[in-house]
Amino acid sequence: MDDEERIVLGSQTAKSGFDNENFIINIFNDWEKNKIAQKLLDEMSFRIDELKEVKAEKAPGRQKSDMILKITIKDKSDKILKANISIKKYGYTIENGKKSKFNYNQIDKRTIDKAKEKWNMPDEVADELRKFTSEEGFTATDLLKEGKISKQKYYSLKDKRRIMLNEMSSEIQKKIIDFFKNNKNKIVTEVMKGEGEYAADWMLVDEVELDKNKKVKKISKITIKSIEESIKIFSKGKVGLTRDGNLKIGKITLQRKGGTPDPTKLQFKISPGDIFQE
């Protein structure tokens, strides 16, 4: 993004706080005048002078896609092309003069049963992941009561509710890592792209500054890449354990969701800013 684009973008966003997705939708709907929209369309390999109409709208429900883009091409019987776009933001919040960074975005969450069925996960791997997420019947306390772990093992655990991946035996760690390594492409494609009518075709990432109400005050970077290129970027790297005992699948982190609701689901997260490093 050049200096002129930064100025235009800053002037548009500083007037009032807004929801990030709505802002992106608005700039695409103003594509004939908006230089940022034109930059993004160019990154999608569209020539502005060949476009008749561009319409953007929110995707329905909870899908991998956040926005649907409908593009009408001139001189092609008004052919309409549809693009499903996943929108991810990262950046920082400024409140009371303090700057707090945020970077991680959830891209998928699912029960172990769903993951097991979808990815043909072995029973042993699934059950060890249940210990990792502390599903009912698989909590560290349950395992202690049933004599499946010793008191010594229980009191050595970082979190007495569950067993982190790096607290499991080296044999079990290898089986978990090998499963995700052998199924890496399939798993990453599904958690990033999804399936069905609203599967993502593109990933748009912007670097933002949020106000105290978590509304976007300014955007300093923005790009869009095909979902195939995005999958390649976030797949890059090894499958292995983190220091915290979670699993790293390339640039994607797999962890226990926590919080409410459904705290025992598997959660897949990315740092969207990684897309600018490639």
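Pairing residues of the stretch 104-116 that are in contact (Cβ under 8 Å) with a residue 12 or more places away in the chain with residues that are in a helix (DSSP H, G or I), at Cβ distances under 7 Å and at least 6 apart in sequence or on separate chains, gives Asn105/Pro272; Ile107/Val191; Ile107/Met192; Asp108/Val191; Ile112/Ala126; Ile112/Leu129; Ile112/Arg130; Ile112/Thr133. Restricting Ser100, Ser77 to those that are in contact with a Ser or Thr (Cβ under 6 Å, 6 or more places away or on another chain) and over 14 Å from Met44 (Cβ atoms) reduces the list to Ser100.
Tell me whether the stretch 109-120 contains one or more residues that are assigned to a strand (DSSP E or B), closer than 18 Å to Asn22 by Cβ and not aliphatic (A, V, I, L, M).
no
In the set (1) in a loop (DSSP other than H, G, I, E, B); (2) in contact with a helix residue (DSSP H, G or I) (Cβ under 7 Å, 6 or more places away or on another chain), the condition left unmet by Gly137 is number (2). Within the stretch 184-204, not a single residue is among the hydroxyl-bearing types (Ser, Thr, Tyr), more than 30 Å from Lys82 (Cβ to Cβ) and modelled with pLDDT of 95 or more.
The residues in the stretch 31-48 that are part of a loop (DSSP other than H, G, I, E, B), over 16 Å from Met203 (Cβ atoms) and touching a strand residue (DSSP E or B) at 6+ places or on another chain (Cβ under 7 Å) can be counted, and the count is 2.
The values are calculated or read from the model by the stated rules, or taken from the named source; none is laboratory data. As the structure is a computational prediction, the values presented were derived from the model and not from experiment. Every residue, glycine among them, receives a Cβ derived from its backbone with ideal geometry; neighbour counts consider all protein chains shown.
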